[in-house]
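Here's the structure we're looking at; comments come further down.
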Amino acid sequence: MKKSVLSIRLAGMLTFLLLAAFAGPAVGQGNKTYTLDMTKCSGFTAEDAAKVLGLPASKLAAKTEKMTPTLWRCSFITPDGKGLSFSVSVAADAKKAAAELERLRSNLEVAAETAPFKNKLPKGAYSEISGPGLGDESVWTDVNGTFTVRKGNVIMQVLMPAGKIEQVKVAQAFLAKF
């Protein structure tokens, strides 16, 4: 009897260890604090934007705007209005940034229940996306067609281009800078 109880406990512990090993990073595990110089989009240039968009850098007008003390917008736009745009928020620490992203999820759930979206979103209010170069956690939403990613204390939200795959590429290119 003792042997079977021991076997069950060992099997349970092994299952737990395997699940923990393959579950992926938990929200909030990325505790790194980054200091970014956002006056020039933290080193993200028109050349970087051009690589993502498949356009010559000379066609892109770069613009950096300080929206609040901790929020910046970076844009790289062609004369006809195409290009890419994203915002970057730098929180005091990773815990605060994780809380901001959790608040975004909550806001998206509320928005998804409003008249324009109720029962019309193909995958709900948002979907979690993970992959190489996507920081600690990331969220795609059909509510406003944006992709938001957190790496340590930094939150980036890609506004343009409109496609999910293109937005993921923008985030990967920006996050690779730090």
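I need the full set of residues from region 161-178 which are in contact (Cβ under 8 Å) with a residue 12 or more places away in the chain and out of contact with any Lys or Arg (no Cβ under 8 Å at 6 or more places or on another chain), in order please.
Result: ALA162, LYS164, GLU166, GLN167, VAL168, LYS169, VAL170, ALA171, GLN172, PHE174, ALA176, LYS177.
Restricting region 30-72 to residues that are assigned to a strand (DSSP E or B), in contact (Cβ under 8 Å) with a residue 24 or more places away in the chain and not polar (S, T, N, Q), which is nearest to VAL158 (Cα to Cα)?
Step one: filter region 30-72 for residues assigned to a strand (DSSP E or B), giving 61-68, 71-72.
Subsequent filtering for residues that are in contact (Cβ under 8 Å) with a residue 24 or more places away in the chain retains 64, 66, 72.
Checking which are not polar (S, T, N, Q) leaves us with 66, 72.
Numbers: LYS66: 16, TRP72: 12 Å.
Result: TRP72.
VAL139 meets all of the listed conditions (1) free of Cβ contacts under 8 Å to residues at least 40 places away in the same chain; (2) part of a loop (DSSP other than H, G, I, E, B) but one, namely (2).
Do the conditions hold for THR33, that is, is it touching a Gly at 6+ places or on another chain (Cβ under 8 Å), at pLDDT 90 or above and either surrounded by 11 or more Cβ atoms within 10 Å (Cβ to Cβ) or of a type in the set (Asp, Glu) (or both)? The answer is yes for THR33. Take VAL168 and decide whether it is hydrophobic (A, V, I, L, M, F, W, C) and either part of a strand (DSSP E or B) or within 16 Å of LYS32 (Cα to Cα) (or both). For VAL168, the condition - hydrophobic (A, V, I, L, M, F, W, C) and either part of a strand (DSSP E or B) or within 16 Å of LYS32 (Cα to Cα) (or both) - is not met. Within region 82-100, being part of a helix (DSSP H, G or I) and either within 16 Å of THR146 (Cα to Cα) or modelled with pLDDT under 95 (or both) holds for one residue alone: GLU100.
Would you tally the residues in region 142-160 being more than 20 Å from THR33 (Cα to Cα), in contact (Cβ under 8 Å) with a residue 40 or more places away in the chain and crowded, with 24+ Cβ neighbours inside 10 Å? Break it down into steps so the answer makes sense when it comes.
First, the residues of region 142-160 that are more than 20 Å from THR33 (Cα to Cα): 142-147, 158-160.
In the following step, the residues that additionally are in contact (Cβ under 8 Å) with a residue 40 or more places away in the chain were identified as 158-160.
Narrowing further to those that are crowded, with 24+ Cβ neighbours inside 10 Å: 158.
The total comes to 1.
The number of residues in region 101-127 that are in a loop (DSSP other than H, G, I, E, B), among the polar types (S, T, N, Q) and closer than 8 Å to THR141 by Cβ comes to 0. In region 102-154, the qualifying residues are those that are acidic (Asp, Glu) and within 24 Å of LYS177 (Cα to Cα), and the one that is modelled with the lowest pLDDT is GLU128.
Would you confirm whether or not region 100-117 contains a residue that is of a type in the set (Phe, Trp, Tyr) and under 14 Å from the mean Cα position of the chain (by Cα)?
Of region 100-117, the ones of a type in the set (Phe, Trp, Tyr) are 117.
Checking which are under 14 Å from the mean Cα position of the chain (by Cα) leaves us with none.
Among the residues of region 100-117, not one is of a type in the set (Phe, Trp, Tyr) and under 14 Å from the mean Cα position of the chain (by Cα), which makes the answer no.
The values are calculated or read from the model by the stated rules, or taken from the named source; none is laboratory data. Every value quoted in this text rests on a predicted model; they were computed, and no experiment measured them. Positions of Cβ are backbone-derived with ideal geometry, glycine not excepted, and every protein chain shown enters the neighbour counts.
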